Amino acid sequence: MNLWDLANGCANCRSCEGAAYQTPPLLFAGNPSAPILGIGQNPGEIKPTDKARQEWMTIFEHLDDETVAKILPIWYLWDFLGSPGNGRLERVFGKNWLLNGEFLWTNAVRCRTPGNAPPPPIMQTTCKTWTDQLIEGRRAIIMMGTMARLQVLGKDAAKLEWGAPKKHPQLGYILAIKHYSAWKTKEEAISYKKAVDRLKERAL
């Protein structure tokens with residue numbers, strides 16, 4: 001599987017045309033050959049006041065989909081490294097977690113929704129096909145948030161406790177942690193870091 005061909009296909013995806021999106025669909029960021037796949041929830045909203053990000057959206061509109069597919073992973077790194085969420089995730093995954101080569105990162109849903117609203121079912125269903133292809137060949141999967149856990153595990157999602165890595169017969173080592181916006185204490189982040197470290201010891 002060539003991930004760049006897959007990313008091009010994702011950038012061309014318009015299956016959820018009715019669920020308005022603000023950027024071309026982003027398939028992944030990070031190391032394409034990484035043994036661990038991290039799955040987040042969905043890209044955050046781009047507000048009208050975000051001038052730099054709005055300018056990027058204008059650039060994307062004038063590029064062909066293949067070029068956009070190649071630029072998006074790099075743009076995502078730039079965009080997220082300056083966000084408040086990056087600081088929280090560094091507590092769990094360490095400094096330069098997006099750049100250290102240990103992980104391939106994606107989202108359960110790849111399009112940005114207006115007002116950062118919960119993605120409708122059609123988006124979640126469509127994006128599962130992209131997630132399934134990214135899972136192939138990985139040694140471990142980290143699911144961040146209820147949406148990611150449900151997309152990967154389906155009806156068995158609730159059986160996987162938060163912060164408790166385990167071996168799955170088809171998926172390798174799996175771990176679910178709550179979305180960083182739901183972390184209530186520093187102790188919770190510390191416990192997730194320990195869980196991630198245990199998973200990495202087994203998968204790397």
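Coordinate-derived values only; no laboratory data. Small disclaimer: the values here were computed from a predicted structure and weren't measured. FYI the Cβ positions are ideal-geometry reconstructions off the backbone, even for glycines, and counts take in every protein chain you see.
Suppose only helical runs count, i.e. DSSP H with n ≥ 4. What mean residue ellipticity at 222 nm does that imply for the chain under -39500 (n - 2.57) per run, divided by all residues and rounded to the nearest 500 deg cm²/dmol? Each step should come with its number before you reach the end.
Working: 7 runs with 88 residues, N = 204.
My calculation for the chain gives -13500 deg cm²/dmol from helical runs alone.
Exactly which trypsin sites (Lys or Arg not before Pro) in segment 75-133 are in a DSSP loop and have at most 10 other Cβ atoms within 10 Å?
On the way: sites: R88, R91, K95, R110, R112, K128; in loops: K95, R110, R112.
Here the sparse-neighbourhood loop sites are K95.
Measure up K95/K194; K51/K186; K95/K178; K51/K128 against 27 Å on the Cα-Cα distance and list the ones that go over. The partial results should precede the final answer.
Numbers: K95/K194 15 Å; K51/K186 32 Å; K95/K178 20 Å; K51/K128 32 Å.
Those over the limit are K51/K186; K51/K128.
Work through the residues other than I39 whose Cβ is under 12 Å from its Cβ and net out their charges, Lys, Arg +1 and Asp, Glu -1. Before the final figure, lay out the partial values.
Details: positive: R110, K128, R138, R149; negative: D132.
Around I39, the surrounding residues sum to +3.
Quick one: of the DSSP bridges fully inside segment 3-203, what percent are antiparallel, nearest 5?
On the way: 5 of 20 bridges.
Once the DSSP bridges in segment 3-203 are tallied, antiparallel ones form about 25 percent.
Sequence-distant or interchain residues sharing an amide H contact under 5 Å with A164, placed H: which?
A176
Which label belongs to the value computed from this structure, given these candidates for Cα Rg over 2.2 N^0.38 Å: [x] 0.98; [y] 1.60; [z] 2.04?
[x]
Add +1 for every Lys or Arg and -1 for every Asp or Glu among the other residues with Cβ under 12 Å from the Cβ of A195, and state the total.
Numbers: positive: K166, K178, K193, K194, R198, K200, R202; negative: E161, E188, D197, E201.
Spelling it out: positives minus negatives among the neighbours equals +3.
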